[in-house]
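Written out below as structure tokens is the structure these notes cover.
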Amino acid sequence: MDLKAREKAYIINTYNRQPESTLFLNRGEGVYVWDDLNKRYLDFVGGLAVNSLGHCHPAVVKEVSWQVAQLIHCSNLYYSEPQIRLAEQVVAHSCADKVFFCNSGAEANEAAIKLARKYGKAKRGSGVHEIITANHSFHGRTLAAITATAQPKYHKGFEPLVAGFRYGEFNNLDSFAALVNENTCAILVEPVQGEGGVYPAGSEFLRGLRNLCDEANLLLMFDEVQCGMGRTGKLFAYEHYGVLPDVYTLAKALGGGLPIGLLGAKGEAADTLQPGDHASTFGGNPVVCGAATAVLQVLLEEGFLARVAKLGNYFMAKLRELDCRCIVEVRGLGLIIGLEIEGDGTKVAKLCQEQGLLINCIGEKTLRFLPPLIIEEEHIDLAVSVLQEALTMIEK
Ligand SMILES: Cc1ncc(COP(=O)(O)O)c(C=O)c1O
């Protein structure tokens with residue numbers, strides 16, 4: 001059996017593999033990946049916002065190699081220096097006072113949901129448990145996370161969902177305000193919606209949510225799983241808005257390709273979860289924490305994030321210059337960019353793949369770009385010219 005047939009035979013079929021499932025990737029370096037036929041691709045999918053430092057970044061490889069030979073795992077019954085070091089660094093560079101480690105974005109949001117419920121009950125009474133999230137959001141695939149994800153397509157077939165979620169319109173403060181009641185404990189939003197189509201929040205909206213939460217003693221929780229860790233040109237997307245959350249969640253890029261999730265909490269929220277309330281066997285694993293510390297160090301190098309912001313502006317300007325009737329809108333912040341088109345986006349992604357450029361299409365009409373943050377202008381120029389050709393072809 002060839003690899004494709006073996007995949008079909010042995011792996012539960014939950015993924016639509018990238019355009020028509022033809023690609024087997026087996027090597028990566030910097031902004032490039034290679035397939036089994038040794039064809040090279042410029043990677044503007046970036047592991048869906050994971051490979052922010054590109055593939056096999058030397059700092060990550062070095063740290064992981066060292067830690068793997070030192071201690072791969074130890075239970076959270078014991079102290080672990082790499083875990084403490086990473087926590088210290090994340091706290092030093094964010095609004096959080098303390099962090100909790102887990103293994104993915106969904107788990108980080110699950111922890112946030114539990115924290116919010118416990119906080120609400122402790123502060124205002126046992127009925128307080130409702131969380132307001134935004135339409136078109138995405139928070140992960142566990143049962144509570146799909147319920148927080150206000151997109152019916154992720155709910156279908158898994159009902160009954162978790163009780164206590166209400167959905168407001170993203171970027172519509174009145175819609176959120178109308179949903180707050182005596183049982184609300186928190187508001188959870190992505191500062192830049194990713195899977196929902198790449199929609200940055202408006203400043204007024206996030207500021208308004210902060211005020212709403214302050215007035216009603218709710219936790220403001222930001223899901224920075226996709227937009228955090230330098231993706232927008234600042235370490236956290238919330239820094240663009242001058243609005244600090246009480247709780248934030250991270251995953252994806254933090255581990256440099258290794259699985260990690262993190263919840264950061266501030267003030268009283270940081271002391272809400274107590275021994276026995278929550279846990280994760282692998283959470284804060286020394287190898288993964290070593291990788292994340294290496295990632296953070298690179299992101300914090302002088303000028304790194306400013307360069308991401310500059311490249312993001314350059315890329316968006318180039319996309320806006322594209323001469324294609326099918327373009328509806330270019331949206332984004334830093335290097336999380338969406339190009340909405342009139343036409344078949346999956347076909348565009350396929351055409352680009354044939355020309356050695358990997359891009360992602362969400363919801364059939366939005367092309368999403370999450371390139372490694374280490375790209376150069378020349379990579380953007382190349383990607384834009386491949387895109388121009390692909391878009392022109394679908395216009396015919
Ligand atoms: C904003 C956001 N939150 C949560 C998740 C879920 O993360 P994971 O797949 O690591 O569980 C994602 C994944 O795409 C995401 O984009």
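Among the residues of the range 162-175, is any assigned by TED's automatic domain parsing to the domain that holds GLY283, open to solvent by less than 40 Å² (accessible area, probe 1.4 Å), assigned to a loop (DSSP other than H, G, I, E, B) and small (Gly, Ala, Ser)?
Yes, the range 162-175 has at least one match.
Test of understanding: among GLY54, GLY47, which residue is within 16 Å of the ligand (Cβ to nearest atom) and either open to solvent by less than 70 Å² (accessible area, probe 1.4 Å) or closer than 19 Å to GLN226 by Cα (or both)?
GLY47
Scan the range 105-135 for residues that are open to solvent by 40 Å² or more (accessible area, probe 1.4 Å) and within 11 Å of the ligand (Cβ to nearest atom) and jot them down.
GLU107, GLU110 - these are the residues of the range 105-135 that are open to solvent by 40 Å² or more (accessible area, probe 1.4 Å) and within 11 Å of the ligand (Cβ to nearest atom).
Could you please let me know if ARG85 is of a type in the set (Lys, Arg), open to solvent by 30 Å² or more (accessible area, probe 1.4 Å), away from the ligand (no atom under 16 Å from the Cβ) and outside any helix (DSSP H, G or I)?
no
Condition (residue is closer than 30 Å to PRO82 by Cα and in a loop (DSSP other than H, G, I, E, B)) applied to the range 304-325: is it met by at least one residue?
So far as the range 304-325 goes, no, none of its residues is closer than 30 Å to PRO82 by Cα and in a loop (DSSP other than H, G, I, E, B).
Can you find, within the range 160-218, the residue that is farthest from GLU110 (Cα to Cα) among those that are touching a Lys or Arg at 6+ places or on another chain (Cβ under 9 Å) and charged (D, E, K, R)?
Among residues in the range 160-218 that are touching a Lys or Arg at 6+ places or on another chain (Cβ under 9 Å) and charged (D, E, K, R), the one farthest from GLU110 (Cα to Cα) is GLU182.
Could you please find all residues in the range 136-161 being open to solvent by 70 Å² or more (accessible area, probe 1.4 Å) and closer than 22 Å to VAL225 by Cα?
HIS136, ARG141, LEU143, PRO152, LYS153
Enumerate the strands (runs of 3 or more DSSP E) found wholly within the range 197-275, keeping only those where 2 or more residues are within 13 Å of the ligand (Cβ to nearest atom) and either open to solvent by 50 Å² or more (accessible area, probe 1.4 Å) or of a type in the set (Ser, Thr, Tyr) (or both).
Because the criterion is at least 2 residues that are within 13 Å of the ligand (Cβ to nearest atom) and either open to solvent by 50 Å² or more (accessible area, probe 1.4 Å) or of a type in the set (Ser, Thr, Tyr) (or both), the strands (runs of 3 or more DSSP E) in the range 197-275 that meet it are 247-250.
Just the residues that are farther than 28 Å from MET229 by Cα and in a helix (DSSP H, G or I), please, taken from the range 347-384.
Answer for the range 347-384, where residues must be farther than 28 Å from MET229 by Cα and in a helix (DSSP H, G or I): LYS347, VAL348, LYS350, LEU351, GLU354.
The values are calculated or read from the model by the stated rules, or taken from the named source; none is laboratory data. Owing to the predicted nature of the structure, the values given are computational and were not obtained by experimental measurement. So basically every Cβ, Gly included, is an ideal-geometry build from the backbone, and we count neighbours across all protein chains shown. The protein model used for the area step is the full one, side chains on, heavy atoms only, and it has no ligands, DNA or RNA in it. Shrake-Rupley method; radii C 1.70, N 1.55, O 1.52, S 1.80 Å.
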